[in-house]
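S.K.: Provided herewith is a single structure, encoded as C-alpha cells, for subsequent inquiry.
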Amino acid sequence: MPFEKEAAARVTRKLTKIAMVVLIVMPLALFVFGEIILHLWNWLMPALFHLPAITFWQGVGLLVLSWFFFGGLRGSGPRSGYRRHWRRRMQDHWEQMSPEEQAKFRDWLNSHCPQA
C-alpha cells in the first residue's frame, strides 16, 4: 500500500511540473521569441527590403512558420522515428558493403560533396 501512495505522489509531482511548463514557461518563451522576431523584423526588413513593419502577433506567426519549415521541436513527433529508421537502414546497408564498396562510395561522396 505505501508503494502505491508513493507512486501516486510521483505521478502528481510529474504532472505538476508538466503543468508549470505548459502554463508558465511556454507562454513566456513564446512572448520573448515573438518580441525578438518583431524587433528584428522591424529593424531590418523595412530598411533592407522596404517591407512594412509587423505587429507582435505577426511576429509570433513568423516564429511558428519558421518552426514548421525549419524543423523546430526536433526529436519529437513522427519525423524523429523516421530519422531513426532511416539511419538504421543506412547503417545496415553500410555494414553489408565490402571495404572496396565503402571506399568507392566515400570517393563518390567526396567528389560530389567536398565538405562531407
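S.K.: How much FRET efficiency would the formula 1/(1 + (r/R0)^6) give for I24 and R83, where r is the Cβ-Cβ distance and R0 is 22 Å, rounded to 0.05?
M.R.: Calculated transfer efficiency: 0.10.
S.K.: Of I24, I54, how do they rank once you tally other Cβ atoms within 10 Å and put the fewest first?
M.R.: I24, I54
S.K.: Taking R0 as 30 Å, what FRET efficiency do you get between F33 and N110 from their Cβ-Cβ distance, rounded to the nearest 0.05?
M.R.: So, using R0 = 30 Å, E works out to roughly 0.20.
S.K.: I've got another one for you. Please give the length that would be gained between T12 and L62 if that part of the chain were fully extended, namely 0.36 nm times their separation in residues minus their C-alpha to C-alpha distance (nm, one decimal).
M.R.: Going from the current span to full extension adds 14.4 nm.
S.K.: Then there's this: If I take every Cα pair under 8 Å that is 6 or more residues apart in the chain, average their sequence separation and divide by the length, what percent do I get for the relative contact order?
M.R.: The normalised contact order for the chain reaches 15 percent.
S.K.: Right, another one. Classify the chain: rounded, prolate or oblate, from the alpha-carbon gyration tensor (a ≥ b ≥ c, eigenvalue square roots; a/c under 1.5 rounded; otherwise prolate if a/b is larger than b/c)?
M.R.: Oblate, because a/c is 1.5 or more while a/b does not exceed b/c.
S.K.: Might you report the magnitude of the Cβ-based charge dipole of the stretch 1-59 about its Cα centre, with Lys and Arg at +1 and Asp and Glu at -1, to the nearest 20 debye?
M.R.: 280 debye
S.K.: I would also like to ask the following. Compute a Gaussian network model of the chain, connecting alpha carbons closer than 10 Å, and tell me which residue from A53, A29, A103 fluctuates the most.
M.R.: Sorting by GNM fluctuation, first place goes to A103.
None of the figures in this text is laboratory data; all of them are computed from the coordinates on show. What you see is a predicted model; the values in this text were computed from it and never measured. Using ideal geometry, Cβ is built from the backbone for each residue, glycine included, and neighbour counts are taken over all protein chains shown.
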